[in-house]
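Written out below as structure tokens is the structure these notes cover.
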């Protein structure tokens with residue numbers, strides 16, 4: 001066996017849709033967040049519709065971007081909820097397995113991984129042999145993403161229905177702040193994620209995600225030994 005599947009087709013589909021939807025939400029949200037700076041983008045978007053809507057291009061663009069942001073936000077939320085239910089129902093949650101270990105071992109793995117990523121220092125054998133499908137840094141990043149999604153989802157839904165719920169302007173301003181914090185945490189996750197997947201030692205993961213979902217067995221044996229052991233493939 002030269003290669004082994006580490007990323008299923010379902011995982012890839014969800015990942016790619018997440019990538020697409022989050023990117024669109026980031027762009028539309030970023031424009032709405034700083035319209036004074038990005039009015040040129042709103043102008044480009046709104047120009048074709050300004051005559052039909054009977055308003056100026058920037059206003060038309062903002063309206064279109066706001067509507068798109070809300071609609072796509074609900075689609076993204078539905079995708080996350082559906083996939084989350086699937087993972088829980090079929091016990092496919094792999095990403096938090098490293099958190100089952102004692103905190104001291106988590107910290108030792110995290111420190112070793114950070115040194116490896118930043119300086120290229122090899123992982124200690126006792127850390128390497130405990131590596132799961134996802135390492136402990138990925139688990140921590142997943143928690144960061146989860147918090148981001150909660151902030152974005154809760155504040156976003158409440159802002160959309162603020163009039164129906166009778167939410168005051170003061171409360172709405174706090175919800176906007178919460179939404180912005182969630183967005184910032186999401187961008188922080190993306191930055192960490194991009195750094196990790198573009199690191200030379202993780203290149204097989206990147207190739208698998210955008211390829212056939214498989215990686216060389218020798219690489220998996222080195223980077224995911226416990227995952228292989230659980231599958232009886234060590």
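Relative to the longest principal axis of the Cα atoms of the chain, the long axis of helix 103-119 lies at roughly 80 degrees. Relative to the longest principal axis of the Cα atoms of the chain, the long axis of helix 136-160 makes an angle of roughly 20 degrees.
Taking every C-alpha pair closer than 8 Å and separated by at least 6 residues, the mean separation divided by the residue count of region 31-136 gives a relative contact order of 17 percent. Sorting 209, 224 by the number of Cβ atoms found within 10 Å of their own Cβ, with the fewest placed first, yields 209, 224. Of all the options 36, 128, 216, the one that moves most in a Gaussian network model of the chain with Cα springs shorter than 10 angstrom is 36.
Only one of [x] 21.4, 68; [y] 23.8, 76; [z] 18.5, 62 was calculated from the structure for Rg and Dmax of the Cα atoms in Å, and its label is [x]. For the chain, modelled as a GNM whose springs connect Cα atoms under 10 angstrom apart, the maximal fluctuation among 54, 213, 120 occurs at 54. Calculate how steeply helix 169-197 sits against the longest principal axis of the alpha-carbon atoms of the chain, using the helix alpha-carbon long axis, and give the answer as 0 to 90 degrees to the nearest 10. That helix lies at roughly 40 degrees to the long axis. For the chain, a Gaussian network of Cα nodes joined below 10 Å ranks 110, 89, 26 by mean-square fluctuation, and the top entry is 89. Listing 155, 104 from fewest to most neighbouring C-beta atoms within 10 Å gives 104, 155.
On the beta carbon distance between residue 161 and residue 221, with R0 = 41 Å, the FRET formula returns roughly 0.20.
The residue 129 and residue 13 beta-carbon pair, evaluated with R₀ = 41 Å, returns a calculated FRET efficiency of approximately 0.80.
Coordinate-derived values only; no laboratory data. What you see is a predicted model, and the numbers here were worked out from it, not measured in a lab. Cβ sites come from the backbone with ideal geometry, for glycine too, and all protein chains shown count toward neighbours.
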